[in-house]
Amino acid sequence: MSAPTTPPTIPELEEQERRLTLPHFTHDDAWALGTLLVDMAREQAAPVAIDIRRGGQQLFHAALPGSTPDNDAWIDRKRRVVERYGSSSYLVGSRFRAKGTTFEESSRLDPDTYAAHGGAFPIAVEGAGVVGTVVVSGLPQIEDHAMVVAALERFKG
């Protein structure tokens, strides 16, 4: 996977979410997606942390060499944005930027608790909606987002 050269547009981000809705999402699916992300990150020697949750339960977590406790803090902040808005953290931030502002300036949410930076993506299931999150932290935000999208594309097949 190569680093994206241009940021995705809002319609492209919205299409990713529609396209990457899953037929189901089990504990075994979380393990498979998580290990796929670990393999992808190792191929790139990416210093990332990975987190997958369904509802309030953490089903997968990995911290690869070079990641730090700060990555876990970023994971929590980006995950909360997905949980609150039901959209990827990158899409939420992009929507604020499209309005000529930033998430930090206009959301009225504590930036120590919420971060609309790329890397957190909703796990949506057909007929059920958003049931969880998958998050990567450790790369520039567009690359965190791209890694999650690429993994979901491979996972969904």
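Given the -39500 (n - 2.57) contribution per DSSP H run of 4+ residues, what per-residue ellipticity at 222 nm results for the chain, rounded to the nearest 500 deg cm²/dmol? Spell out each step's value before the answer.
On the way: 6 runs with 75 residues, N = 157.
One gets -15000 deg cm²/dmol as the mean residue ellipticity at 222 nm.
Where Lys and Arg each count +1 and Asp and Glu each count -1, what net charge lies around Leu59 among other residues with Cβ under 12 Å from its Cβ? Each step should come with its number before you reach the end.
Numbers: positive: Arg53, Arg54; negative: Asp28, Asp29, Asp51.
Its environment carries a net charge of -1.
At q = 0.14, 0.15, 0.16 Å⁻¹, what log₁₀ I(q)/I(0) does the stretch 32-84 have when each alpha carbon counts as one equal point scatterer in the Debye sum?
-0.36, -0.41, -0.47
So, with a 1.4 angstrom probe, what is the percent of accessible area on the chain that is carbon and sulfur? Intermediate values should be presented prior to the final figure.
On the way: 3750 of 7550 Å².
Percent of accessible area from carbon and sulfur atoms in the chain: 50.
Can you tally the net charge around Thr21? Count Lys and Arg as +1, Asp and Glu as -1, for every other residue whose Cβ sits under 10 Å from the Cβ of Thr21.
Details: positive: Arg18, Arg19, Lys156; negative: Glu17, Glu126.
Net charge around Thr21: +1.
Ignoring ligands, DNA and RNA, what accessible area per residue does the chain give at 1.4 Å, in Å²? Mind showing how you got there, number by number?
Working: 7550 Å² over 157 residues.
Averaged over the residues of the chain, the accessible area is 48 Å².
Can you tell me the relative contact order of the chain? Whole percent, Cα pairs under 8 Å, sequence separation 6 or more. Don't jump to the answer; show the numbers that get you there.
Working: 283 pairs, mean separation 45.5, N = 157.
This gives 29 percent for the chain.
The values are calculated or read from the model by the stated rules, or taken from the named source; none is laboratory data. For clarity, every value in this text was computed on a predicted model and none was experimentally measured. Glycine gets a Cβ as well: all are built from the backbone with ideal geometry, and neighbour counts include every protein chain shown. Just so you know, the surface numbers come from the protein's heavy atoms only, side chains and all, with ligands and any DNA or RNA stripped out. Shrake-Rupley method; radii C 1.70, N 1.55, O 1.52, S 1.80 Å.
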